[in-house]
Each structure stands twice: as C-alpha cells, then as structure tokens.
Amino acid sequence: MTQTVGDYVVQRLRDWQVEQVFAYPGDGINGIVAAFGRSDNQPRFVQARHEEMAAFSAVGYAKFSGRVGICMATSGPGAIHLLNGLYDAKLDHVPVVAIVGQTARSAMGGSYQQEVDLQSLFKDVASEYLVEVNVAEQLPNALDRAIRTAETQHAPTAVIIPTDLQEEPYTPPQHAFKHVPSSRPSHAHPTLWPNENDIQAAAEVINSGSKLAILVGQGARGAAAEVRELAELTGAGVAKALLGKDVLPDDLSFVTGSIGLLGTRPSYELMRECDTLLIVGSNFPYSQFLPDFGQARAVQIDIDARMIGMRYPTEVNLVADASATLKALLPHIERKPDRSWREKIEKNVASWWETMDRQAEIDAKPVNPMRIVSELSTRAPANAIFTSDSGSAANWYARNLRIKEGMRGSLSGTLATMGPGVPYAIGAKFAHPDRPVIALVGDGAMQMNGMAELITIARYYELWSDPRCVVCVFHNNDLNQVTWELRAMGGAPKFEESQSLPDVDYAGFARSLGLDAAIVDSPDQLGPAWDQALTASRPFVLDVHCDPEVPPIPPHATVEQVKSVTEAVLKGDPEAFHMIVQGIKTKAQEMLPGRKS
C-alpha cells in the first residue's frame, strides 16, 4: 500500500518515540486520523473531550515527563480551541508541538467552510516555529524542526497540514535545488557553560554578603543538589517561585516555601531582610516581593538571556545551565562561620508551619479548605504528583502542601488560566502511569471543563499500572479567588450573580462514570476520605464541601488590602459577618503561638 502523507506523519512521530498524541478528531485531519488506524494506534490517539483539554494534557505531559508533548486538532474551530493550552505552554516555557489541519489547498482564499488564517492565528503563540506544509517534500524537515525547536527553546511550535495533502502519496525531499532534507530523530540537550570571569564575579558578590536569599524557579529543577549545597555553605534561605515548588522539599529547615501573593511569611521576611540575592532559573514577576531596590546585591542564573535582569537590578548575570553554573561556582564559595542568619530563617520556617497547622484546624462551615491540603500532606505517597488549578485552590497548594523529596507538582504558573488541573493530571498519568496523581481543583474549574475530563480519565485509566488518580474538588459554590479579589483589591462586596455557582454533585457524576467517589461535609471525615482515595483501585473524586469565607490572607496584607476588605463589608457583602469571624480566627494564629481558636 502506498504510504500517504498522513501515514508518514504518524511514522515520523514513532521515529521520535512519541507514545501518545492528545487530540480531538475532525475532518480537517481525517487523513492523519485514518493513518493512526492503519498504524494500530501507535502512537496512541488519546481522545480528549475538547481541543483545549488536549493541549492542556500535552502541557501536563511535557511538564512531568521532560519530553515534548504533542497535541492535534482539526482546522478552523479545532485549531482555535488549542490556543489557550498553547499559550499556557508558551508562558510556562513548556515544549509542545501542535499538529493542525487546514482546508484543502484548492479552497484556500475562497472563504471556504472552516477556513481560518492559521498562520496569523498561531504566529504569536508559536512564534519560535510555525510552518504550513504544502507539498509532501517539506514534511520531514518541518515536523522534525518543530519538535527540535520545541525541545530546545522550551516553547510551543505548530505544523499546519492541509487536509487534501494528508491523503496524497508521500514523496521524500530530493537531493535537488530548493529541497530541504532532514536527519535521524535525536534528542539534543546541550549544556551551556558559564564564563569563568562571570563565575568569579558572582562568587565575589555572594561571599561579600552575610544574609543570602536564594530564589529558585523551575529552571533550577536539575540543579537541586547544587542549590542545597550552596545554601548549606552560605547559611542561606531558599524561597520557591510557584513553578519551582517541587525543586526542593519543604521539610528542609531552610526552605521558606512559596513567594508572592500565594507565598509564605518566611519567604516574605527572607526577602525583606537579606543583603544578597541569588535568582536561579526563575522569572518570578512580582518585584514588590523581592528586596527593595538597592537593598541587596544580586546575581541571576538563567539559560535564557531574554529572562535576565527583568525583575531585579542584578549585578552579575550568568547565561548558562543552572547545574553547570552552580558546580563551577561552588568551589569559589566561602563557608559562612556565623550561622545567625540561618538560625533566624529556620526559626521563622518552623513557626510558619506551626501556624499553618493551627490555621488548618480552625472550625469552618463545613470544612476548612486549608485542612484539606494539610490532611493530604501527611498522607501523600512519596512518589505522588500534584496538579492544581488556578483560583483559591492554588493558594492552598502553594502555602499548605508540603512537598517531600521525590514528589512533583505544577499548575498554570504564568497564564494562571482556569481549567488545566484535571487535564494536567491526565498528562501526568500518561507520563508516569506507575505513579499516583492528585489534582486540587475548585468547583468553578470542575464546571468549566473538569467534569468532562473525568470522562477521559474513566476511558483510559485501565492503561495505567497504578490506577490512582485523585481529583479533589474544593466545593464551595463560589468563584472564590475572584470574590476575594473583588473584596481586597476593589473594596467591592461579593456580587452573587457573577460569583455564586450552581450546586453540583461531583461525587455522583464520578460514580455514574464508574469511578470511585466520596462526599466530605465534616472535618472528621476528611482524613479517612483521603485514606480511601489514596488506596482506591480506580480513579477517585473527593467532593469536599468547604467554606468559601476562609480568607487566603497573603503573607503581608497591605493597609490598602485591609481597607478594601473593610469597604466591602461596609457596602453590604452578603457573607460579611461570617467572613469577619473567619478572618479574625485565621489571622490570630500568626500572633498566638501554641493556641487554637
């Protein structure tokens, strides 16, 4: 049988050792879909419920596997639906390749059905590499370059293939003028080494200070051992940007936890009091949570020169691999004999976790959302992978979840879009079918798309050697993060018409799909429910009815934020009294060590 262009696309994905493609079918990719059928579904066609979810699953797969995620959609509306997931990849620097169909070449420019200018549509999100394939001879180079570019630039790329071309016979490029060949698929991971003069300059800055703060992001993940060694030598504390939450475990005494609006008080104090700052693999955007300008001498390490010096006026910039740079730097670092800075950091960290434990135990109506994550932290398997959706669930993920050695976690860090929590979990399960995955998701995101993706979980979980995939729903019938932003940023009371959600039986829906589930509406049920979910023989939905009025108080609530919340109360917030009571009880735990309210 003659090999078609569609057949060649599928074969080339196999050559790249692609194991699955997250996709949704449509007639714009019929030639490729038919090729999957002829290839005995190798690589596997993983059918999402929506193209956006296919893209999110590819992002989740790439984040947790370290490999390129592949998603595919039809022309026009299918391609448009991919955009949000691809922007999530772009902003979080994740390698994803989108393969999209297009109307037949003979119809292009004729305002044909589902004809969209895909070059214009994707030119920003796939700015690193975007190509439309119009003859078969383009294909090997186009597809290979899309994968290589995504892998090396940590970015989404896109390949557009018109539907009529997919069904034509494949002919390879020739040794001829204006033909572009390709080569054997190979994964290149070059190591970029630092300049020795820059290493010496960085060492001088770090050695000259007495109070070093280290900020790590996801770019430090491969340098965790070196970061730990540097922190031990210098007595530094280590704060973690949200995407770097799993770089170092939270049970290290000098790890202050997350930084920023979703961060911890020890991280805030670390930055307020340091005299030296080292940023490793992070593009944390909120400069108000970094030292005051002029307070600290600063060094930054990043593999991408475009990210250098954007957030703080750094004195020495090292554009190189984080691990290679720190290995070169460590021999030049002097051990600090004075450990008073380290001792203060450790005291602040210990006090913070005691506060978090007390806050999690505060009574609420019916369940305190902090306790959901606190109970999980004590029970999570050592090799667990966590995903979080955006919204108030991200607050509790960032502050309350205690990451241990070997655990992984991520969320939409920069785009902060709603919706990726469950599809990220699906991508994680295909990346690591032998590991338990736990998704922390608000009820808004569940209604937006998470419930639909439970269908995908039900369809594929039998492929996973460890079937544990727990979706924990923070069920508070409120778009909670925005409700609190209205109060704290705008001084506006909760607007019920925009903020209140319909009540849905998430556990009942899960059971209807053949999944296991439990409803929790009392704090005493929470621990046993987690035990049940984490030992289940199939995916599990934990439907926890929690209190929307437990405040996600930032580590340093400003006078303006307090004033705005007060104005919201005075303007008649419908939950004013309960909100005040919960806020007072929560904040009091920071000032009353050793006591519970």
| field | Candidate aspartates and glutamates for bridging to LYS336, where Cα separation is under 15 Å - those fewer than 8 sequence places away on the same chain excluded | value | GLU204, GLU229, GLU232, ASP275
| message | What does the extension gain come out to for GLU232 and GLU405, with contour length at 0.36 nm per residue minus their alpha carbon separation? | response | 60.6 nm
| field | Prolate/oblate/rounded label for the stretch 274-354 (Cα gyration tensor, a/c 1.5) | value | oblate
| said: Using amide H atoms built in the peptide plane, which far-off residues or other-chain residues are under 5 Å from VAL520 H to H? | reply: ASP543, VAL544, HIS545
| task | Assuming a ≥ b ≥ c are the square roots of the Cα gyration tensor eigenvalues, decide whether the stretch 1-153 counts as rounded (a/c under 1.5), prolate (otherwise, with a/b larger than b/c) or oblate. | result | rounded
| remark: Excluding residues fewer than 8 positions from LYS494 in its own chain, the aspartates and glutamates with Cα under 19 Å of it are ASP443, ASP478, GLU485, ASP503, ASP547, GLU549, GLU560, GLU567, ASP573, GLU575
| field | Subset of LYS344/LYS404; LYS211/LYS344; LYS211/LYS327; LYS211/LYS347 violating a 18 Å alpha-carbon distance limit | value | LYS344/LYS404; LYS211/LYS327
| Considering amide H positions built from the backbone, and no H for Pro or chain starts, which residues 5 or more places from ALA439, or on another chain, come under 5 Å of its amide H? | THR387, VAL470, VAL471, CYS472
| What do you reckon, how do HIS175, HIS432 stack up by accessible area (1.4 Å probe), largest on top? | HIS175, HIS432
| query | HN-Hα J couplings of the stretch 544-549 from phi, Karplus 6.51/-1.76/1.60, θ = phi - 60°, integer Hz, Gly and Pro as x? | reply | 9, 7, 10, 8, x, 9
| request: Report, by chain and number, residues whose modeled amide H sits under 5 Å from the one on GLN20, excluding near sequence neighbours (fewer than 5 apart, same chain). | output: ARG44
| What shape does the chain have by the C-alpha gyration tensor, where a ≥ b ≥ c are the square roots of the eigenvalues, rounded means a/c under 1.5, and otherwise prolate means a/b greater than b/c and oblate the rest? | oblate
| So how far apart, in nm, are the two label points at ASN41 and ALA416 if each is 7 Å from Cα heading toward Cβ? | 4.0 nm
| field | Table column - 3J(HN,Hα) (Hz), the stretch 96-102, Karplus curve with 6.51, -1.76, 1.60, x for Gly and Pro | value | 9, 10, 9, 9, 10, x, 8
| note | Distance in nm between ASP531 and GLN153 label points, each 7 Å along Cα→Cβ, equals 5.2 nm
| message | If you average the C-alpha positions of the stretch 300-321 and of the stretch 200-225 separately, how far apart do those two centres end up, in angstrom? | response | 12 Å
| task | Return the carbon/sulfur percentage of the accessible area of the chain, one whole number, probe 1.4 Å, all protein chains in place. | result | 52 percent
| Based solely on its DSSP helices, what 222 nm [θ] is calculated for the chain when runs of n ≥ 4 H residues each add -39,500 (n - 2.57) and the sum is averaged over all residues, nearest 500 deg cm²/dmol? | -11500 deg cm²/dmol
| query | Once fully extended, how much extra length lies between ILE455 and TRP193, figured as 0.36 nm per residue of separation less the alpha-carbon to alpha-carbon distance? | reply | 89.7 nm
| FRET efficiency estimate (nearest 0.05) - Cβ-Cβ, VAL116 to ALA350, R0 56 angstrom | 0.50
| field | Packing-based order for 162-174, 229-241, 396-408, using average beta carbon neighbours within 10 Å, highest first | value | 229-241, 396-408, 162-174
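The values are calculated or read from the model by the stated rules, or taken from the named source; none is laboratory data. Fair warning: this is a prediction, and the values are worked out from it, not measured in the lab. Note that we place each Cβ from the backbone using ideal geometry, even for glycine, and neighbour counts take in every protein chain shown. Just so you know, the surface numbers come from the protein's heavy atoms only, side chains and all, with ligands and any DNA or RNA stripped out. Shrake-Rupley method; radii C 1.70, N 1.55, O 1.52, S 1.80 Å.
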